Amino acid sequence: LARSVMGQNAHDLKLANNTTLGDAMHDWVPNNVNCANFVSGVLQASGQISASQHNNSVYGLMHNLDRDPQFRRVSLQNARPGDVVSMRTAHGQHVVMFAGWQNGRPTFIGSNNVNRDGSQRVTISSMSYPIMAIHQYQG
């Protein structure tokens, strides 16, 4: 589901209420801090979490997944595409989904601050932030 919206802006995704993902995302979340809303929306639209587990903060989502018996923490070496990766950044936290390996480096897909105005767009990239947790769906 995340790959199907590659290149789209977070603003457009969350306002697309005629799609499963758009319905799952919260419209009021600012466009420059939309990462947890996007990942929560993907998980919710995919049926992996309920609407009540959707959280627009990295720590909130991470804690909800820790409490969900259908998710377990795994190492980066055991990560699979679609796993939820929570990271610590210089200015806070970021959450993305594991996309796979490229040239021996992990890649991640998520709503990232790549637009000229600082807003977010769904992209795949390599990131070297410290990883706080990787949650893998076991359902």
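The values are calculated or read from the model by the stated rules, or taken from the named source; none is laboratory data. Computed from a predicted model, the values in this text were never measured in an experiment. Counting neighbours? That spans all protein chains shown, and the Cβs are built from the backbone with ideal geometry, glycine included. For accessibility, only protein heavy atoms count, side chains too; no ligands or nucleic acids. Shrake-Rupley method; radii C 1.70, N 1.55, O 1.52, S 1.80 Å.
Restricting segment 30-40 to residues that are over 17 Å from ALA99 (Cα atoms) and of a type outside the set (A, V, I, L, M), which is nearest to the chain's Cα centre (by Cα)?
Once the filter is applied, the top-ranked residue is ASN37.
Does ARG80 satisfy the condition of being under 20 Å from SER46 (Cβ atoms), open to solvent by 20 Å² or more (accessible area, probe 1.4 Å) and not hydroxyl-bearing (Ser, Thr, Tyr)?
Answer is yes for this residue.
Can you find, within segment 98-139, the residue that is surrounded by the most Cβ atoms within 10 Å (Cβ to Cβ) among those that are over 24 Å from ASP68 (Cα atoms) and in contact with a Leu (Cβ under 8 Å, 6 or more places away or on another chain)?
VAL122
Looking at segment 1-26, I want the residues that are open to solvent by 80 Å² or more (accessible area, probe 1.4 Å) and have a partner that is among the hydroxyl-bearing types (Ser, Thr, Tyr) and in a loop (DSSP other than H, G, I, E, B) with Cβ atoms under 6 Å, at least 6 apart or on another chain. Which pairs are those?
So the pair list comes out as LEU1/SER46.
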